[in-house]
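These notes are about the structure you will find just below.
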Amino acid sequence: MTDSSEPDWEYAPLHIPADVTRLNAAAQLSLQAEFGGWELARVVKYMDGTRRVTLRRKRTKTSVPLPGLSA
C-alpha cells in the first residue's frame, strides 16, 4: 500500500496511563521527538483518562530504539 512518492514510515504506539499529567506526557513526547526523530501522528483520549498515542518517523537504515514512557 506504499506509494513511491510517499516515504516509508515507522509507527510506535504508546499507552499513557490516566495518572500521568498532560504536562508530564508532553515532556516525554517532546524528548522522543527531539532525540528519537518521532512526530505525533495521532492521540486518542478515552473516558477513563488514558491516552493512546501513535508516533511516527521516517524509516531509517540504522536501528534506533522504540520510544517508551516510564512512570
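Some notes on this structure:
- Sole exception among (1) out of contact with any helix residue (DSSP H, G or I) (no Cβ under 9 Å at 6 or more places or on another chain); (2) modelled with pLDDT of 95 or more; (3) among the basic types (Lys, Arg) for Arg22, by number: (2)
- Any hit, region 27-42, residues being at pLDDT 95 or above and loosely packed, with under 10 Cβ neighbours inside 10 Å: no
The values are calculated or read from the model by the stated rules, or taken from the named source; none is laboratory data. Because the structure is a prediction, the values reported are computed rather than measured. Positions of Cβ are backbone-derived with ideal geometry, glycine not excepted, and every protein chain shown enters the neighbour counts.
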